[in-house]
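Readers should treat all values here as calculations from the given coordinates under stated rules, not as data from a laboratory. In this text the structure is predicted, and so the values were computed from the model without any measurement. With ideal geometry, Cβ positions are generated from the backbone for all residues, glycine too; neighbour counts draw on all protein chains shown.
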Amino acid sequence: MISIGFDDRVKIGLQYVLDSLHLSCPFGQERVRKLRFYAPDERKELETELLNTERTAAHASALRDLFERITTVLCQLKDIRGSLKRLTEGACLDSVELFELKGFLLRIAELGPLFDCMNGTVHAEGIAFSDPTGALNVLDPEGTRSRGFYLPDSASETLRAIRAEKRRLEQTLYAAADAEKDAIRAARTRVCALEEDEERRLRAVMCAALVPFVPPMLSDADAAGRLDLLIRKAQLAVRYGGVRPEITETTLELTGMINPELADLLQAKGRAFVPVSIAADRGAVVITGANMGGKSVAMKTVALHVLLFHAGFLVPAKAARLPMLHCVQMLFDDAQSMQSGLSGFGSEIVRFNRALSEVEQGYSLFLLDELARGTNPDEGAAIVQAVTQHLNGLNAISILATHYDGVAEFARAHYQILGLKNVDPDAIRTELSAPGADGVAVIARHMNYGLYRVEGKADCPKDALNICRMLSLDPAILARIEQAY
Amino acid sequence: MLPPLLDELKAIRTLSIVGMCKNAGKTTVLNRLIEWLDGRVLGLTSIGRDGESTDVVTGTEKPGIFVPEGTLFATAKDMLPLCDVTQEIVCATGVPTPLGEVIVVRARSAGFVQLAGPSITSQLKTLSALFFSLGAQQVLIDGALGRKSLGARSVADGVILCTGASYDMRMEKVVADTANICRILNLKKAETLPKETDLPLADALKTAHEAQISGALTDSMLLPLLKSGALKNARLVVQDPSRVLLSADTFDKLALRGVTLETVDAARLVCVTVNPVSAYGWTFDPDTFKAAVQCAVHVPVINVKEAIA
């Protein structure tokens with residue numbers, strides 16, 4: 001079963017996506033808080049959800065006004081499930097609770113036709129609202145359909161008589177002499193107590209009559225939550241571009257994917273996220289490249305897409321083919337490991353073991369970012385080579401990012417960060433020679449964080465040396481570095 | 001009750017009733033107002049909890065708030081069983097209080113209500129708007145104890161100040177402090193606002209001879225400036241009367257130096273009510289007390305215990 005902690009959600013940018021949804025009703029908010037990832041044996045349900053989302057997204061701009069009206073109603077829904085539970089336990093609800101139930105039913109009565117109107121175009125499956133008329137008739141026997149809750153005099157002959165007496169006493173009170181007032185007040189207090197008793201009895205009768213309506217009301221609350229999330233998923237897909245992944249048996253293929261959080265961050269700085277593409281299957285894939293952050297971003301974006309897919313979202317990519325997975329495990333650089341008492345390396349190995357035993361339970365995705373980065377390069381390389389060989393034999397897709405040499409040849413596939421590969425060094429040098437140029441910023445601007453697939457044996461990228469040249473490292477030192485290469 | 005005052009009260013859309021202390025007669029005033037304004041749909045609420053039938057602090061019997069049929073009132077959910085009017089639940093405000101969410105109820109019969117409204121002034125403002133949208137013609141706010149929100153225009157258009165023997169055993173003290181509060185409530189509204197500046201108050205005054213005080217105005221802020229002479233003939237503007245935390249003594253000194261104190265935003269003090277009976281056992285002579293307060297303030301003074309004309 002897929003489960004992912006809050007820290008990892010934040011790290012891969014899933015939390016950013018979820019926070020940007022802004023669900024309208026408590027039932028929708030709960031769906032996001034307890035996000036459900038469909039398991040491999042729920043393929044049918046996931047397919048339905050993905051299709052629903054795709055259809056809704058396709059009509060998102062045409063149905064904008066309708067969505068607006070639906071979310072306005074959703075915003076007014078309150079969580080009445082506590083009162084519903086009390087109803088089934090035989091409790092007598094107070095008038096404010098009955099007011100809230102009536103409010104809920106009135107809003108469902110509005111929501112039903114709006115949803116039908118939307119679904120005439122969208123054809124989403126599995127969402128339906130019940131007709132609340134029966135329950136409303138219990139709460140509003142006179143059929144006023146006003147927003148308020150009031151037990152009318154007509155609710156019982158007793159109530160009518162009590163209230164008439166209460167009114168009569170009040171009128172007498174106004175006209176009475178001071179000496180008589182105390183007696184009238186005492187009589188009035190008794191009548192008020194009678195009124196309270198009769199109202200409680202009537203509310204108890206009402207509550208008993210409402211019990212059969214509890215299941216449809218719970219199902220309406222659930223439908224409201226699903227509709228809420230569906231609309232927000234569709235709007236998200238419109239915002240970042242979204243594609244419905246084709247479900248495969250084992251292959252993972254993501255083409256032109258973006259990471260919304262980083263894309264927004266870069267856009268705020270006037271730059272753009274370079275879409276990343278990657279393909280993998282059972283076995284290990286290795287991503288190499290100078291240590292510039294591009295490798296981690298690629299892996300996190302893969303994790304984000306796989307998780308969004310399992311939660312029934314369209315994924316922000318040009319094309320996607322994804323398998324249903326037993327679990328997703330990720331080992332990213334983690335500041336928390338410092339707190340565990342073990343050294344960084346020690347805790348990394350402990351976490352690796354734990355993740356590995358989870359991955360062995362079923363076809364999974366295993367992401368490892370710079371495993372053994374803290375050890376010396378010789379030992380580190382040996383460890384990562386061995387792990388890569390082992391992961392190749394596992395029933396899982398494993399993706400490893402590393403800058404150790406000699407790992408890629410053990411992998412099923414090898415990706416490299418484009419980096420400065422296709423950049424004209426002269427162009428950069430010209431830019432750098434401009435007065436006041438910020439060397440690091442210029443290089444960052446030309447750095448291509450995209451991935452390309454390396455066929456056969458590849459040389460190590462020489463970006464570190466290139467960067468030294470561009471930033472005009474002391475020529476004597478440069479000469480020595482070149483000799484060593 | 002003087003007819004002109006009654007007309008004035010009727011013309012104020014949102015009235016808050018502020019007490020100098022507990023047992024100043026606020027609830028009596030509120031009941032009187034409800035009687036006087038008979039025939040209008042009123043919206044009623046309080047700042048925080050008020051309207052208990054027995055005073056929790058002193059144990060004295062307190063009058064309940066009696067409302068006519070049709071009145072709208074806002075109170076915490078747990079207070080509803082203590083209200084004996086026939087209730088129509090009109091809406092739930094979403095404002096939480098320790099006694100439950102604040103609920104707006106329409107009284108479908110006359111009867112007693114217990115008020116426990118929002119304690120944040122911005123929520124009171126929203127609630128007033130809600131009352132008007134539900135058909136209220138005038139809103140009364142029971143201002144509870146303390147002067148936190150005293151006279152903030154954002155809450156009410158007009159203020160009734162209730163004072164009484166419960167405040168202090170010495171009548172002179174009650175009169176003097178009441179007069180001081182009235183003076184603060186009656187501060188002139190600023191016609192123009194001093195330019196905003198980041199300079200320290202003393203420097204700002206040196207150049208412009210006027211300044212806007214963003215926070216509270218306190219004795220410790222002004223006394224050094226008074227000594228240095230920087231305040232002479234200056235103009236100080238505060239947001240609203242609740243920001244003025246000056247002792248009567250400092251206030252007098254300001255007047256002597258020709259300092260003008262103004263407010264950006266203030267409710268109007270409409271009248272002062274006096275309650276000559278203390279909850280703690282002593283009583284002032286009603287006429288002497290009323291006359292003394294009337295001498296010290298510039299608005300009408302009413303004895304809450306007097307029968308209305």
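Exceeding 27 Å between C-alpha atoms, which entries from my cross-link table qualify? They are A:LYS166/B:LYS10; B:LYS10/B:LYS253; A:LYS34/A:LYS300.
Too far apart for the 27 Å limit: A:LYS166/B:LYS10; B:LYS10/B:LYS253.
Across the stretch A:147-159, in residue order, what do the Karplus-derived ³J(HN,Hα) couplings come to in whole Hz, using 6.51 cos²θ - 1.76 cosθ + 1.60 with θ = phi - 60° and x for Gly and Pro?
Whole-Hz 3J(HN,Hα) from phi for the stretch A:147-159: 5, x, 10, 8, 7, x, 3, 6, 4, 7, 4, 4, 4.
What residue among B:LYS77, B:LYS253, B:LYS290 shows peak mean-square fluctuation when chain B is described by a Gaussian network model with Cα springs under 10 Å?
For chain B, modelled as a Gaussian network with Cα springs under 10 Å, the answer is B:LYS253.
In sequence order, what are the phi-derived ³J(HN,Hα) couplings for the stretch A:441-449 according to the Karplus relation 6.51 cos²θ - 1.76 cosθ + 1.60 with θ = phi - 60°, rounded to whole Hz, with x for glycine and proline?
5, 4, 5, 4, 5, 8, 5, 9, 7
To make sure I understand, if each residue's beta carbon is the centre and we count other beta carbons within 10 Å, what order do B:ARG268, B:ARG183 fall in, fewest to most?
The most exposed by this proxy come first: B:ARG268, B:ARG183.
Tell me the angle of helix A:95-122 to the major Cα principal axis of chain A, expressed in degrees between 0 and 90 and rounded to the nearest ten.
That helix lies at roughly 50 degrees to the long axis.
Just to confirm my numbers, what's the Cα centroid distance between the stretch B:257-274 and the stretch A:353-421 in Å?
Their Cα centres are 76 Å away from one another.
If you fit an axis through the alpha-carbon atoms of helix B:219-228 and take the longest principal axis of the Cα set of chain B, what angle between them do you get, 0 to 90°, nearest 10?
20 degrees
Can you compute 3J(HN,Hα) from phi for each residue in the stretch A:136-141, using the Karplus curve 6.51 cos²θ - 1.76 cosθ + 1.60 with θ = phi - 60°, rounded to whole Hz and x for Gly and Pro?
My calculation for the stretch A:136-141 gives 5, 5, 5, 7, 9, x Hz in order.
Please report Rg (one decimal) and Dmax (integer) in Å for the Cα set of the stretch B:188-263.
Computed over the Cα atoms of the stretch B:188-263, radius of gyration and Dmax are 11.2, 29 Å.
Would you please classify the overall shape of the stretch B:91-200 from the alpha carbon gyration tensor, given that a ≥ b ≥ c denote the square roots of the eigenvalues, rounded means a/c under 1.5, and beyond that prolate means a/b larger than b/c while oblate covers the rest?
Oblate, since a/c reaches 1.5 and b/c is not below a/b.
For a quick check: with amide H placed at 1.01 Å from N, whose amide H comes under 5 Å from B:ARG268's, ignoring anything fewer than 5 positions away on the same chain?
B:GLY158, B:VAL159
What share of all Cα pairs of chain B, in percent, falls into each consecutive 20 Å distance bin?
32, 54, 14, 0
Only bridges whose two residues both fall in the protein assembly as shown count here: according to DSSP, what percent of them are antiparallel, nearest 5?
Here the share of antiparallel DSSP bridges comes out near 35 percent.
Considering only DSSP beta bridges where both residues belong to chain B, give the percentage that are antiparallel (nearest 5).
Roughly 30 percent of the beta bridges in chain B run antiparallel, per DSSP.
How about the stretch A:1-69: which trypsin sites (Lys or Arg not before Pro) there lie in a loop by DSSP and see at most 10 other Cβ atoms within 10 Å?
Here the trypsin sites (Lys or Arg not before Pro) that fit, given the DSSP loop and packing criteria, are A:LYS34.
Pick from B:VAL113, B:VAL90, B:VAL139: which is most flexible by mean-square fluctuation in a GNM of chain B where alpha carbon atoms under 10 Å apart are linked?
Among B:VAL113, B:VAL90, B:VAL139, the largest GNM mean-square fluctuation belongs to B:VAL90.
Round to the nearest 10 and give me the degree value, 0 to 90, for the angle of helix B:286-296's Cα axis relative to the longest principal axis of chain B.
That works out to roughly 40 degrees.
Which value results for Rg/Rh of the protein assembly as shown when Rg is the Cα radius of gyration and Rh the Kirkwood radius based on the inverse mean 1/r?
Taking Rg over the Kirkwood Rh, I get 1.12.
Filter the trypsin sites (Lys or Arg not before Pro) in the stretch A:219-319 down to the DSSP loop ones having no more than 11 other Cβ atoms within 10 Å, then list what survives.
A:LYS269
Among B:TYR280, A:TYR240, A:TYR449, which comes first, then next, by fewest other beta-carbon atoms within 10 Å?
Ordered by Cβ neighbours within 10 Å, fewest first: B:TYR280, A:TYR240, A:TYR449.
Per-residue ellipticity at 222 nm for chain A, helices alone: DSSP H runs ≥ 4 residues times -39500 (n - 2.57), over residue total, nearest 500 deg cm²/dmol?
After summing the helix terms and dividing by the residues of chain A, the value is -17500 deg cm²/dmol.
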